[in-house]
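Beneath this line is the structure, given in structure tokens, with notes to follow.
Bear in mind these aren't lab numbers, they're just calculated from the coordinates by the rules spelled out. Given the structure is predicted, the values throughout are model-derived calculations rather than measurements. Heads up, the Cβs are rebuilt from the backbone with ideal geometry, glycines too, and the neighbour counts pull from every protein chain shown.
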Amino acid sequence: MKKPHAPVNVGRSAWSLYRETRRPGSPGLVRRIVSAPFLVKDVTFGRYRGVSPGKLYGFFLLMALYVVSPIDAIPDFIPVLGWTDDTVVVLWFMNGLMRESGRYVEWRRAGRPASPAIASR
């Protein structure tokens, strides 16, 4: 059986994330987006241990290097198609960040230590 192509997998994963945000009691997409910077801050300072700083920054660095690198699966000089692989990589990273941000919001709801700025929300 053939495996689906990467854009199809990212699309399915994005759809799954959307359904997850619509589930009753689950953090919504806007809440996850707003909480993402606080997630990064709390990971950096060791307050949130749901993901390691090395993993978070490592995946961000790999994503950023791939996007700015002239070496791609599909060369960027090909209009539209050339940017597709970069878009897929960015969406893959953002999908992972939003999922982790949802877990972070739930962690915060459970009464874990708050960052001062997010506690007022």
Considering only the other residues whose Cβ falls under 10 Å of the Cβ of Pro27, what net charge follows from Lys and Arg at +1 and Asp and Glu at -1?
+4
Find how much the distance from Ser26 to Arg109 grows on full extension, using 0.36 nm per residue of separation minus their present alpha carbon separation; answer in nm with one decimal.
28.8 nm
Virtual spin-label span in nm between Val68 and Arg99, 7 Å along Cα→Cβ:
2.7 nm
Let me check I've understood the local charge: for Ser16, count other residues with C-beta under 12 angstrom from its C-beta, Lys and Arg +1, Asp and Glu -1. What total comes out?
+4
Net charge, Trp83 excluded, C-beta distance under 10 Å - Lys, Arg +1, Asp, Glu -1:
-4
Taking R0 as 41 Å and r as the Cβ-Cβ distance between Phe45 and Phe77, the FRET efficiency 1/(1 + (r/R0)^6), rounded to the nearest 0.05, comes to 0.45
In square nanometres, what is the average projected area of the Cα convex hull of region 31-106?
5.4 nm²
